[in-house]
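Q: The structure under discussion is supplied below as structure tokens; questions concerning it will follow.
The values are calculated or read from the model by the stated rules, or taken from the named source; none is laboratory data. Nothing here was measured: the structure is a model prediction, and the numbers come from that model. Reconstructed Cβ throughout: ideal geometry from the backbone, glycine too, with neighbour counts over all protein chains shown. To get the accessible areas, we keep the full protein, side chains included, count just its heavy atoms, and leave off ligands, DNA and RNA. Shrake-Rupley method; radii C 1.70, N 1.55, O 1.52, S 1.80 Å.
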Amino acid sequence: EVNGKRRCVAAMSVGASNGGAPPRKRLRVDWRKKLANVTANRQTPSNDKSELVKATDLARCCPAPPRTISSGRPRVALATCTRGCPASRLREWLFWHLAEGVQPIFLRWEGLLDVEQEAALHGPLQRKEVIMKIVKKYKASGSFRAVMCRQIRFIKETITAAKARGCDFLLHLDDDELLCSKEASFSVTDLFRKHMNTSARCIHFRNLEAVFPFSTTTGQPFTRDDIRFRKNNHVLYCNGKSAANLRAIEVFPSGVHHFCMYDRSFEAPLPEFGLHDGGGGCTDPSCCCIDDSAVVLHLDSPSFEEWRTKFSVRAASRLSKDDAGEMQSFPFKKESVESMRQPDKIGEQERVYRRWRCLPCMEDSEFDTSITGHSVATRFQRQLEDARKRAADKGT
């Protein structure tokens, strides 16, 4: 609730299984029982600085073949807000989605860019595959709720911009998420063909959450063979992400996880709107279609240093009652903020990171067997080989 009247339904860290329960009715999880099974990972810390995707891979030509009208593929855009995305993650994230045929990518960048980030973005910006809004001196809150509200406003702006550019769909993902088809031969744009003539405003994909071998730093946040993706025991959110169907006349963001025919993200919930007013976003069948042919891979904090950077921003922010509720529901977030508010206790910070984000994890965790770190890395490698061959052919 904001100013006693309005509320943002973006508190998205609720269970997909309950249809996205409102934040005032949080998913009930017996965390004490789950945590009893957690054992800290005591692997030897690594310092992985190898890189798969180079800046030159993005500079020379688009990772995907040219899209033609005769191909019949829909035009799928992507919108993302980011604050200091590390260059290694930026390169892999950009390359994956461009190689999947997703463009343009609308990027809201908060803060300054370093040399490596500029190098990664140079080619895609020149070719207009990325359309970027830079907010250099942004001092707004980095709290959970404030970040989500900024995302909703940016997505609403981007819907208009994407429609003006003739896009058919608009994905909303974070810079630590990949949309991945279950069938390796299907690209992201292939997935959306079947939705071209539907009335659904929201094409929804479930999410898998990555867990990692411990690493202090990494140059390959998305492309390590030993990453695993769990289907349960999510510690960040578990109700997926979506794409807006821009062919619909009216479509609006519904929190950060869904889209809807009604513009209700900052309105008080009313009974007459039913599932359109769900606290985790609209799940009304007249708006929302679940597509099981792809999943969102959530690779949050792939290294200890990235985790420290992320939660130092949260810890320095003034947190609201809504943020307190978020942390109450997801103890990983609470423990992360509390440990980062003790900057001299590196050992405690490492314990929190290992406990929640590293292998081995909770004993009752279920891992996906078809999508693994190895299968994702293999797809990346194939895409790289294809892109480098096209770049070489173009050069000759």
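Q: Tell me which residues, restricted to segment 224-245, are in a loop (DSSP other than H, G, I, E, B), open to solvent by 10 Å² or more (accessible area, probe 1.4 Å) and either of a type in the set (Ser, Thr, Tyr) or more than 22 Å from Thr309 (Cβ to Cβ) (or both).
A: The answer is Asp225, Asp226, Lys231, Asn232, Asn233, Tyr237.
Q: One residue is enough: does segment 206-219 have a residue meeting the conditions in contact with a Gly (Cβ under 9 Å, 6 or more places away or on another chain), under 25 Å from Ile371 (Cα atoms), part of a loop (DSSP other than H, G, I, E, B) and among the aliphatic types (A, V, I, L, M)?
A: Taking every residue of segment 206-219 in turn, none turns out to be in contact with a Gly (Cβ under 9 Å, 6 or more places away or on another chain), under 25 Å from Ile371 (Cα atoms), part of a loop (DSSP other than H, G, I, E, B) and among the aliphatic types (A, V, I, L, M).
Q: Further question on the same structure: Please determine whether any residue of segment 235-244 is over 20 Å from Leu179 (Cβ atoms) and touching a Leu at 6+ places or on another chain (Cβ under 7 Å). Spell out the reasoning first.
A: Quick first cut of segment 235-244, residues over 20 Å from Leu179 (Cβ atoms) only: 235.
Still in the running and touching a Leu at 6+ places or on another chain (Cβ under 7 Å): none.
Checked against the condition, which is being over 20 Å from Leu179 (Cβ atoms) and touching a Leu at 6+ places or on another chain (Cβ under 7 Å), segment 235-244 yields no hits at all.
This table checks each residue for (1) open to solvent by less than 20 Å² (accessible area, probe 1.4 Å); (2) under 28 Å from Gln383 (Cα atoms).
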{"position": "Ala164", "(1), (2)": "no, no"}
{"position": "Asp174", "(1), (2)": "no, yes"}
{"position": "Ala184", "(1), (2)": "no, yes"}
{"position": "Val188", "(1), (2)": "yes, yes"}
{"position": "Ser199", "(1), (2)": "no, no"}
{"position": "Asn207", "(1), (2)": "yes, yes"}
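Residues are listed down the side, and each one gets a yes or a no for (1) without any contact (Cβ under 8 Å) to a residue 24 or more places away in the chain; (2) aromatic (Phe, Trp, Tyr); (3) closer than 30 Å to Ile152 by Cα:
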{"position": "Gly279", "(1), (2), (3)": "no, no, yes"}
{"position": "Asp291", "(1), (2), (3)": "no, no, yes"}
{"position": "Pro302", "(1), (2), (3)": "no, no, yes"}
{"position": "Arg314", "(1), (2), (3)": "no, no, yes"}
{"position": "Lys321", "(1), (2), (3)": "yes, no, yes"}
{"position": "Lys333", "(1), (2), (3)": "no, no, yes"}
{"position": "Gln342", "(1), (2), (3)": "yes, no, no"}
{"position": "Arg357", "(1), (2), (3)": "no, no, yes"}
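Q: Looking at segment 290-307, which of its residues are in a loop (DSSP other than H, G, I, E, B) and either of a type outside the set (Gly, Ala, Ser) or buried (at least 16 other Cβ atoms within 10 Å of the Cβ) (or both)?
A: Listed by number, the residues that qualify are Asp291, Asp292, Leu299, Asp300, Ser301, Pro302, Ser303.
Q: Val130 versus (1) open to solvent by 20 Å² or more (accessible area, probe 1.4 Å); (2) touching a Pro at 6+ places or on another chain (Cβ under 7 Å): which is the lone unmet condition?
A: (1)
Q: Please verify whether Lys136 is surrounded by fewer than 19 Cβ atoms within 10 Å (Cβ to Cβ), over 18 Å from Thr189 (Cβ atoms) and at pLDDT below 95, treating the condition exactly as stated.
A: Details: surrounded by fewer than 19 Cβ atoms within 10 Å (Cβ to Cβ): yes; over 18 Å from Thr189 (Cβ atoms): yes; at pLDDT below 95: yes.
Yes.
Q: Can Glu267 be described as in a loop (DSSP other than H, G, I, E, B), open to solvent by 10 Å² or more (accessible area, probe 1.4 Å) and over 20 Å from Phe205 (Cβ atoms)?
A: Working: in a loop (DSSP other than H, G, I, E, B): yes; open to solvent by 10 Å² or more (accessible area, probe 1.4 Å): yes; over 20 Å from Phe205 (Cβ atoms): yes.
Yes.
Q: May I pose another question? Return yes when His172 is farther than 21 Å from Thr82 by Cβ and touching a strand residue (DSSP E or B) at 6+ places or on another chain (Cβ under 9 Å) and no when it is not.
A: Numbers: farther than 21 Å from Thr82 by Cβ: no; touching a strand residue (DSSP E or B) at 6+ places or on another chain (Cβ under 9 Å): yes.
So His172 does not fit the description; no.
Q: I've got another one for you. Can you tell me which residues in segment 150-170 are closer than 13 Å to Val251 by Cβ, of a type outside the set (Phe, Trp, Tyr) and outside any loop (DSSP other than H, G, I, E, B)? If you could, list the steps in order and put the result at the bottom.
A: Filtering segment 150-170 for residues closer than 13 Å to Val251 by Cβ gives 155-156, 158-160, 162-163, 167-170.
After this cut, where a residue has to be of a type outside the set (Phe, Trp, Tyr) as well, the list is 155-156, 158-160, 162-163, 167-168, 170.
Result: Ile155, Lys156, Thr158, Ile159, Thr160, Ala162, Lys163, Leu170.
Q: Sort out for me the helices (runs of 4 or more DSSP H) sitting completely within segment 308-396 that have 3 or more residues that are closer than 30 Å to Leu58 by Cβ and open to solvent by less than 20 Å² (accessible area, probe 1.4 Å). Don't jump to the end; show me each part of the working.
A: Values: elements: 321-329, 331-340, 346-357, 373-395.
In segment 308-396, the matching helices (runs of 4 or more DSSP H) lie at 373-395.
Q: If you don't mind, another one. Out of (1) surrounded by 18 or more Cβ atoms within 10 Å (Cβ to Cβ); (2) in contact with a Phe, Trp or Tyr (Cβ under 7 Å, 6 or more places away or on another chain); (3) not in a strand (DSSP E or B), the odd one out for Arg108 is which?
A: Every listed condition holds for Arg108 apart from (3).
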